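The structure appears right after this line, and notes come after that.
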Amino acid sequence: MVNVSRRGVLAATGAATLAATPAATTARAEAAPVVLASTWDFGAAANAEGWKARQAGGSALDMVEAAARTPEADPTNHSVGLGGYPDRDGHVTLDAVIMDDAGGLGAVCALEDVVHAVSVARRVMEKTPHVILVGEGARDFALAEGFEATNLLTPEAEEAWREWLTTARYAPRANSENDDWRKAGSGGPLDHDTIGVLGRDAAGRIAGACTTSGMAFKMRGRVGDSPIVGGGLFVDAEVGAATATGVGEEVLRVCGSHAVVEAMRHGLEPTAACRQVVERIARLRGRAVAEAQVGMLALSRDGRVGAFALQPGFTYAVTRADGSSEILRAEALFG
């Protein structure tokens, strides 16, 4: 157990600020501008599809939608879409949001039986006067729009759920998105499940998407930060975009992604803006987040990227305008 007090949090935030590496910052600044940034290791595969959309002349919305659809369709990824772990009653429910830099916004919450929640969210944005549809209404809309009904509970996910039922004990684990994806099916409870994607197209437009199957074995009806604008995602043409991953309840308490964008609006670089919001969560919550993970990822309108997390282990994938890609590890407040 990590002991965290307000004094300890303040000391840690100061140490984290001093821990920045100027050489690494300079190297990133000299690299080609970032056009795609996604959370976690599996963001690399997502970025590859987003890059294809960009090369084909797609918009920023096309890029982030293509990227987010990739993990949604991967049954070995238990954090997003098909194969996602169910709620405690055995239902797989999906949440997603998509947003552009002109205020275009669509989201779905607690969507069942449709793999590509992010595409349903885009359809909400483009074909309805609303910005959020939930539950049965979201499902009915998706089916009316031609999306195929699919059983999202894979045998592997069902086995993990039935194993969990023997104890029905929720045990959060930081960085489970990476750990469980790398194990590719070893099972075990997850405490947070998201991919967030930020993209810039050839015209300089910005968009973002965030999609998730939510906390594994959550209470039925639970929705976290992922589909909530300003929580899991925010995009602003004047500044840039941000997305969040980790324990959604903690992100919602501070409107995390919106707070990051506003910090950039007031002059902070992306990493510093992410750090400021993570530190705020730590000051606010103290011991309650001693072992929780929250990761923030930001992309400025001119292609600078940055990230910061509560715990070590948060990674993110970036793809630059020259086509090069890499997975980076974010600095962390604790650890």
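The values are calculated or read from the model by the stated rules, or taken from the named source; none is laboratory data. What you are looking at is a predicted structure, and each value in this text was computed from that prediction instead of being measured. In this analysis, Cβ positions are derived from the backbone assuming ideal geometry, glycine residues included, and neighbour counts consider all displayed protein chains. To get the accessible areas, we keep the full protein, side chains included, count just its heavy atoms, and leave off ligands, DNA and RNA. Shrake-Rupley method; radii C 1.70, N 1.55, O 1.52, S 1.80 Å.
Table for the structure above
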quantity	calculated
Qualifying residue in the stretch 249-256 (condition: outside any helix (DSSP H, G or I) and either touching a strand residue (DSSP E or B) at 6+ places or on another chain (Cβ under 7 Å) or of a type in the set (Ser, Thr, Tyr) (or both))	no
Pair list, Cβ under 6 Å, 6 or more apart: the stretch 201-223 residue more than 14 Å from Met63 (Cβ to Cβ), other residue crowded, with 24+ Cβ neighbours inside 10 Å and aromatic (Phe, Trp, Tyr)	Ala216/Tyr85
Number of the condition not met by Trp164 [criteria: (1) open to solvent by 10 Å² or more (accessible area, probe 1.4 Å); (2) within 21 Å of Phe234 (Cβ to Cβ); (3) modelled with pLDDT under 95]	(2)
Per-region count, the stretch 113-129, residues without any contact (Cβ under 8 Å) to a residue 24 or more places away in the chain and part of a loop (DSSP other than H, G, I, E, B)	2
Residues that are within 11 Å of Ser213 (Cα to Cα), touching a helix residue (DSSP H, G or I) at 6+ places or on another chain (Cβ under 8 Å) and among the hydroxyl-bearing types (Ser, Thr, Tyr), drawn from the stretch 83-123	Tyr85
The stretch 88-112: number of residues that are open to solvent by less than 30 Å² (accessible area, probe 1.4 Å), without any contact (Cβ under 8 Å) to a residue 40 or more places away in the chain and not in a strand (DSSP E or B)	0
Lone qualifier among Arg285, Arg280 - being within 25 Å of Asp87 (Cβ to Cβ) and at pLDDT 95 or above	Arg285
Test: Asp201 is farther than 20 Å from His258 by Cα, surrounded by 16 or more Cβ atoms within 10 Å (Cβ to Cβ), of a type in the set (Asp, Glu) and at pLDDT 90 or above	yes
Qualifying residue in the stretch 263-281 (condition: of a type in the set (Asp, Glu), surrounded by fewer than 24 Cβ atoms within 10 Å (Cβ to Cβ) and in contact with a strand residue (DSSP E or B) (Cβ under 7 Å, 6 or more places away or on another chain))	yes
Selection count, the stretch 62-87, where residues are open to solvent by less than 20 Å² (accessible area, probe 1.4 Å) and over 16 Å from the mean Cα position of the chain (by Cα)	4
Per-region count, the stretch 224-246, residues surrounded by fewer than 24 Cβ atoms within 10 Å (Cβ to Cβ) and either part of a loop (DSSP other than H, G, I, E, B) or free of Cβ contacts under 8 Å to residues at least 60 places away in the same chain (or both)	4
Among residues of the stretch 282-296, those that are crowded, with 24+ Cβ neighbours inside 10 Å and either under 18 Å from Leu198 (Cα atoms) or among the small types (Gly, Ala, Ser) (or both), counted	4
Residue under evaluation Leu299, criteria (1) in contact with a Leu (Cβ under 9 Å, 6 or more places away or on another chain); (2) surrounded by fewer than 21 Cβ atoms within 10 Å (Cβ to Cβ); (3) closer than 27 Å to Gly106 by Cβ, criterion not met	(2)
Subset of the stretch 113-146 [farther than 21 Å from Val229 by Cβ and open to solvent by less than 30 Å² (accessible area, probe 1.4 Å)]	Val115
